[in-house]
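**Q** My structure is below; once you've seen it, I'll send some questions.
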Amino acid sequence: PGELYCKIAPNTFDRVLLDSPCSSEGRFSTHDPDSFKYWSASKIKEMVFKQRALFKSAFLALKPSGIMVYATCTYAPEENEGMLDWALGKTDNQMEVLAWEPPVSNWMEGITEWDGKIYSSEVKKSRRILPSEHMTAFFIALIRKKD
């Protein structure tokens, strides 16, 4: 299980991809009612619990200066910018969110406020890829573990 990598291989990897399990809001389709049967408000809370364990493990498995890609296919800020905000508070200033520009035009910066909660301005460096005729929505953050 991914939650154990931090114990098996701490400070080991130059690169980590965490394509995190999520509530899958970015995959909803009005043409396919089955696409949103899985979703509920409690599903978001369940996914955040899982994501925190996976995120912590992935980050601790990175070498100093290592890069982690954190990705989801959901709109839920609790699972995206909220996850980054939580992690920034848990990593003793060892985590840096890197700004980057996706090679597509349908993106926006990460949001810094949701449902009355203010997130660190660092989360603006993450990217929300908006749905288009060619792709579903998703979220990506590049994270560096500081030396």
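**Q** Mind checking segment 44-147 for chymotrypsin sites (Phe, Trp or Tyr not before Pro) that DSSP puts in a loop (not H, G, I, E or B) and that have at most 15 other Cβ atoms within 10 Å?
**A** Values: sites: Phe49, Phe55, Phe59, Tyr70, Tyr75, Trp86, Trp100, Trp107, Trp114, Tyr119, Phe138, Phe139; in loops: Tyr75, Trp100, Tyr119.
Answer by residue number: Trp100.
**Q** With the full set of protein chains in place, find how many percent of the accessible area of the chain is carbon and sulfur; take the probe as 1.4 Å. Working shown, then result.
**A** Working: 4640 of 8360 Å².
Answer for the chain: carbon and sulfur cover 55 percent of the accessible area.
**Q** Give me the accessible area per residue for the chain, probe 1.4 Å, as a whole number in Å².
**A** Values: 8360 Å² over 147 residues.
That works out to 57 Å² per residue.
**Q** While we're on this one: Let me cross-check Arg52: its accessible surface, 1.4 Å probe, with only protein heavy atoms counted, in Å² to the nearest 10?
**A** Accessible area, nearest 10 Å²: 100 Å².
**Q** Return the calculated 222 nm mean residue ellipticity for the chain, to the nearest 500 deg cm²/dmol, obtained by summing -39500 (n - 2.57) across DSSP H runs with n ≥ 4 and dividing by the residue count. Don't skip to the answer; put the middle values down first.
**A** On the way: 3 runs with 35 residues, N = 147.
It comes out at -7500 deg cm²/dmol, rounded to the nearest 500.
**Q** Remind me, relative contact order of segment 94-147 in percent, using alpha carbon pairs under 8 angstrom and six or more residues apart? Each step should come with its number before you reach the end.
**A** Numbers: 87 pairs, mean separation 23.8, N = 54.
44 percent.
**Q** Next question, about the same structure. What residues qualify as long-range amide H neighbours of Trp114, i.e. H under 5 Å apart, gap of 5 or more or another chain, H built at 1.01 Å from N?
**A** It is Tyr119, by chain and number.
**Q** Could I ask something else about it? If every alpha-carbon in segment 65-139 counts as one equal scatterer, what log10 I(q)/I(0) does Debye give at q = 0.18, 0.24 1/Å?
**A** Debye curve over Cα of segment 65-139, log10 I(q)/I(0) at q = 0.18, 0.24 Å⁻¹: -0.71, -1.18.
**Q** Please get the size of the charge dipole for the chain, origin at its Cα centre, with Cβ charges of +1 on Lys and Arg and -1 on Asp and Glu, quoted in debye to the nearest 20.
**A** Numbers: 19 positive and 20 negative charges, 97 e Å.
Here the size comes out at about 460 debye.
**Q** Using only the alpha-carbon atoms, what does the chain span along each of its principal axes? Please give whole angstrom values in decreasing order.
**A** 47, 32, 31
**Q** Give me the base-10 log of I(q)/I(0) for segment 40-105 at each q in 0.13, 0.29 Å⁻¹, Debye formula, one uniform scatterer per Cα, rounded to two decimals.
**A** These q points yield log10 I(q)/I(0) values of -0.40, -1.44.
**Q** Further question on the same structure: How far is helix 81-90 tilted off the main Cα axis of the chain, in degrees rounded to 10, range 0 to 90?
**A** Approximately 20 degrees, to the nearest ten.
The values are calculated or read from the model by the stated rules, or taken from the named source; none is laboratory data. What you see is a predicted model; the values in this text were computed from it and never measured. A quick note on method: Cβ atoms are made from the backbone with ideal geometry, for glycine too, and the neighbour counts reach across all protein chains shown. Keep in mind that these areas ignore ligands, DNA and RNA; they rest on the heavy atoms of the full protein, side chains included. Shrake-Rupley method; radii C 1.70, N 1.55, O 1.52, S 1.80 Å.
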